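Just so you know, all these numbers are worked out from the coordinates, no wet-lab data involved. Everything numeric in this text was worked out from a predicted model, so none of it was measured. Reconstructed Cβ throughout: ideal geometry from the backbone, glycine too, with neighbour counts over all protein chains shown.
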Amino acid sequence: MEAQWRELLRRWPKLHTVIQRCGVEGSYIFTERETSFLPTPRVEVIVTLGAGDAFAACYVTQYLDGLTRK
């Protein structure tokens, strides 16, 4: 799957990051130069509604704050 994301990044030069969420297994973050894997923290799940939105909001906030992807 990584090759497909790299091809997407190559075809769309303005695209800098691709995130592949894998549910309870974790998430991959692909850039032109690196691949990072972030495991999903183990928590008690009550409702999954909004989980993707929360993930995106946290990622964007950290990105804008200049935190690394690792």
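The table below gives the values:
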read-out: Scope the stretch 47-68; condition over 16 Å from PHE30 (Cβ atoms) and either in contact with a helix residue (DSSP H, G or I) (Cβ under 8 Å, 6 or more places away or on another chain) or not small (Gly, Ala, Ser) (or both); matching residues; value: VAL47, THR48, LEU49, ASP53, CYS58, VAL60, THR61, GLN62, LEU64, ASP65, LEU67
read-out: Number of positions in the stretch 19-37 that are among the charged types (D, E, K, R), in contact (Cβ under 8 Å) with a residue 12 or more places away in the chain and out of contact with any helix residue (DSSP H, G or I) (no Cβ under 9 Å at 6 or more places or on another chain); value: 2
read-out: The stretch 38-53 residues that are free of Cβ contacts under 8 Å to residues at least 60 places away in the same chain, paired with ones that are of a type outside the set (Lys, Arg) (beta carbon under 6 Å, 6 or more apart); value: LEU38/GLY26; LEU38/SER27; PRO39/GLY26; THR40/VAL24; THR40/GLY26
